[in-house]
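Just below is one structure, and these are the notes that go with it.
The values are calculated or read from the model by the stated rules, or taken from the named source; none is laboratory data. Here the structure is a predicted model, which is why all the values come from computation and not from measurement. Positions of Cβ are backbone-derived with ideal geometry, glycine not excepted, and every protein chain shown enters the neighbour counts.
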Amino acid sequence: MQEEMPYRVKETHFPIRIFIIILVSLLIVGAFHMQIIVLYDKYDDALNNYLQVALVCLYWTLVSVLITIYIKSQIKKLYEEPMKRMAEATGKVAKGDFSVYLPPIHTVENMDYVDVMIMDFNKMVEELGSIETLKVDFFTNVSHEIKTPLAVIQNYAELLKKPDLTDEHRQEYLEAITKGIYRLSNLITNMLKLNKLESQKIAPMPETYDLCRQLEECAISFEQIWDQKNIEFEVDFEDSAMIYADHELMDLVWNNLLSNAFKFTEPGGMVSMTQTSDEDYITVTVSDTGCGMSRDTIKHIFDKFYQGDSSHATEGNGLGLALVHRILQITGASIMVDSKEGKGTTFTIRIPTEKRTERSVRK
């Protein structure tokens with residue numbers, strides 16, 4: 001379906017008035033030609049036949065030249081000059097200059113398809129500029145995220161070379177190296193998963209399964225963490241809730257959300273996970289009593305490599321929530337964030353039920 005233009009576009013440069021102008025012009029030119037013929041008859045004795053023919057040819061040559069000049073000026077104004085400007089701008093963009101802007105030729109009420117093409121070109125350049133900025137930021141962030149664990153590994157590896165190390169220090173350094181390797185491996189894994197999801201190289205393999213059982217298994221896997229930090233962990237699930245989704249990808253969603261909840265909750269705090277459902281949607285909430293987020297942080301929480309709380313930067317890489325957001329998008333689910341600084345954060349996920357998914361497919 002063709003997208004409707006938000007403004008009226010002139011369909012042609014040759015409306016009926018152009019026909020009227022040409023007709024009137026030709027009638028005037030023809031009238032002058034008839035006047036010449038009358039003059040020939042009047043002064044037939046004074047002009048020979050060759051001179052008469054020469055004068056007629058000269059007259060029509062002059063008419064042809066004037067018409068040609070007019071048509072050429074219109075073509076130059078309407079097409080040649082805009083295309084030349086477009087070619088020059090395209091050349092600049094090809095060389096990496098994304099600051100190019102071409103003003104439309106006509107006002108909004110008189111726009112034609114050349115103006116539309118220019119406006120689309122400006123929009124394309126703006127998008128390319130944004131993509132270029134994102135690409136630069138992406139590589140900067142990737143370089144930083146990879147450099148940090150590598151620096152840790154390198155430093156502790158150098159310390160291990162000391163001959164007078166105690167077993168306690170040696171074990172401490174080895175654990176630090178292991179954590180650095182784990183973080184680096186986790187970063188690369190998440191980057192690959194996110195890239196494959198965004199480029200649609202990972203085809204979701206949906207199946208019907210019990211979400212409540214999946215949530216229970218995921219919650220139990222964090223038992224050691226909540227015991228170590230003395231965190232109160234409350235869960236409230238229904239007996240069963242069937243969904244049609246990719247089981248493995250949804251595992252990543254719950255693991256990331258719970259991991260963040262426990263990471264940002266101080267010892268003695270509380271984390272909760274609840275699940276409810278109605279005819280159309282299953283709702284899962286993950287709440288914590290952690291440090292919370294500012295409004296500005298919430299705006300960027302699903303951006304790649306964004307970490308609002310720098311005090312926990314060494315524990316993550318800023319890709320977890322970007323991965324969660326993308327998985328929920330391709331699943332047809334939604335996620336909302338409610339957070340207050342110093343009070344905690346709540347993530348609310350709404351997933352279509354199996355029945356709703358079946359109805360959508362049948363439609």
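Return yes or no: is L51 modelled with pLDDT under 80 and exposed (fewer than 14 other Cβ atoms within 10 Å of the Cβ)?
Against the criterion (modelled with pLDDT under 80 and exposed (fewer than 14 other Cβ atoms within 10 Å of the Cβ)), L51 qualifies.
Quick one: which of G96, G91 is of a type outside the set (A, V, I, L, M, F, W, C) and on the phi > 0 side of the Ramachandran plot?
G96
Which residues, counting only those in the stretch 84-105, are exposed (fewer than 13 other Cβ atoms within 10 Å of the Cβ) and not hydroxyl-bearing (S, T, Y)?
Once the filter is applied, which keeps residues that are exposed (fewer than 13 other Cβ atoms within 10 Å of the Cβ) and not hydroxyl-bearing (S, T, Y), the stretch 84-105 yields K84, A87, E88, G91, A94, K95, G96, D97, P103.
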